[in-house]
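Data block below; observations after.
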Amino acid sequence: MNNVRSILRITRYQFLQLVRNPRLYMIMICNFIFLSTLIVPLRRFMKLYYVKATPFLFGFLFSHASVVFCFFVGIVLLFSNAPFFNHSQMFLVIRTKKLVWALGQMLYLLAGSVLYFLLLYGMSLLFLIPHISFRNEWGEVWNTLVRTDLGLQCGVTLAISADILNRFDPMELQCWIFLIGVLNALLIGLILFFCNLYFRREVGITVAILLILAPYRLSFMPDFLHYIVTVAWLDPTYLFYSPTYKGPDGMQQLLILCGMILFFTFCCIYGIYHRDLPEVEE
């Protein structure tokens, strides 16, 4: 029980550091500016035709590889210093076991990932105000964009599949994208943690950037990479219905992501015990 409290204390300390970190807010401002250029045509469409959208824009944003890249660059910037070893953490390592400290850091990566995607979801709602209707159905905007070319006439570039609207409940799709997004953010955080322990920080950042760039060219890559480039799974249109998709189904994706997360978790714990901790951050 004392170990659990210590893990939660370390997680809480690191989470408060994140909330107080100006970097988080600069990243969200950059995300907002980037998304605003993408969403302006959608807002023009809703204003022109006097229609309101239900709050499910979030699930369609990831149909753009550029959105995936932009959002996950933010994750790389937030977690690039993992494990977060400063003077305060040094004293925590001394007072607790290395395993406890490491698990606290990893739980923080999960908590930070959840917070990040909650902020992104909240941002997607802001873009729909005042043209928003809180109903648990796809509604006229998303159905109109799928079944007519009115959206294209206004310059709307969101890739929305009729199959997704027909086969998925709106909240089901949002929760799925949120879950896959959080797991991918956690995985990238653990990869950075791992590389910073075993190699140089630049190696971890390079690996993470290559991973989030891969969806741009995934259709031209060998089939086995569809099982490794996990950030590509955030695109629901490509994932479920593209004839070129050769990757895992939904359950396989969860198993692969959880397996990779466990693998890097064990590797990081091993590294904490058998390698020198990073230099203390000022």
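A few notes on this one:
- Being surrounded by 18 or more Cβ atoms within 10 Å (Cβ to Cβ), part of a loop (DSSP other than H, G, I, E, B) and within 23 Å of the chain's Cα centre (by Cα) holds for only one residue in 211, 128, 192, 197, and it is 128.
- Test for residue 155: is it surrounded by fewer than 15 Cβ atoms within 10 Å (Cβ to Cβ) and closer than 27 Å to residue 50 by Cβ: yes
- Filtered residues of the stretch 214-230 (kept if more than 17 Å from residue 260 (Cα to Cα), of a type outside the set (Ser, Thr, Tyr) and either assigned to a helix (DSSP H, G or I) or touching a Cys at 6+ places or on another chain (Cβ under 7 Å) (or both)): 214, 215, 217, 218, 220, 223
- Some residue of the stretch 63-85 being in contact with a Lys or Arg (Cβ under 8 Å, 6 or more places away or on another chain), under 23 Å from residue 169 (Cβ atoms), buried (at least 18 other Cβ atoms within 10 Å of the Cβ) and not polar (S, T, N, Q): no
- The numbered conditions (1) surrounded by 15 or more Cβ atoms within 10 Å (Cβ to Cβ); (2) of a type in the set (A, V, I, L, M, F, W, C); (3) over 22 Å from residue 28 (Cβ atoms) are all true for residue 111 except (3).
- The requirement of being at pLDDT 85 or above, among the aliphatic types (A, V, I, L, M) and under 25 Å from the mean Cα position of the chain (by Cα) is not satisfied by residue 82.
- Failed item, numbered, when residue 133 is tested on (1) surrounded by 19 or more Cβ atoms within 10 Å (Cβ to Cβ); (2) farther than 22 Å from residue 37 by Cβ; (3) touching a strand residue (DSSP E or B) at 6+ places or on another chain (Cβ under 8 Å): (1)
- Whichever residue in the stretch 231-243 is modelled with pLDDT of 80 or more and part of a helix (DSSP H, G or I) and, among such residues, is nearest to residue 62 (Cα to Cα): 234
- Residue in the stretch 159-171 that is surrounded by fewer than 18 Cβ atoms within 10 Å (Cβ to Cβ) and modelled with pLDDT of 85 or more present: yes
The values are calculated or read from the model by the stated rules, or taken from the named source; none is laboratory data. What you are looking at is a predicted structure, and each value in this text was computed from that prediction instead of being measured. Methodologically, a virtual Cβ is constructed for each residue, glycine included, from the backbone with ideal geometry; neighbour enumeration extends over all protein chains shown.
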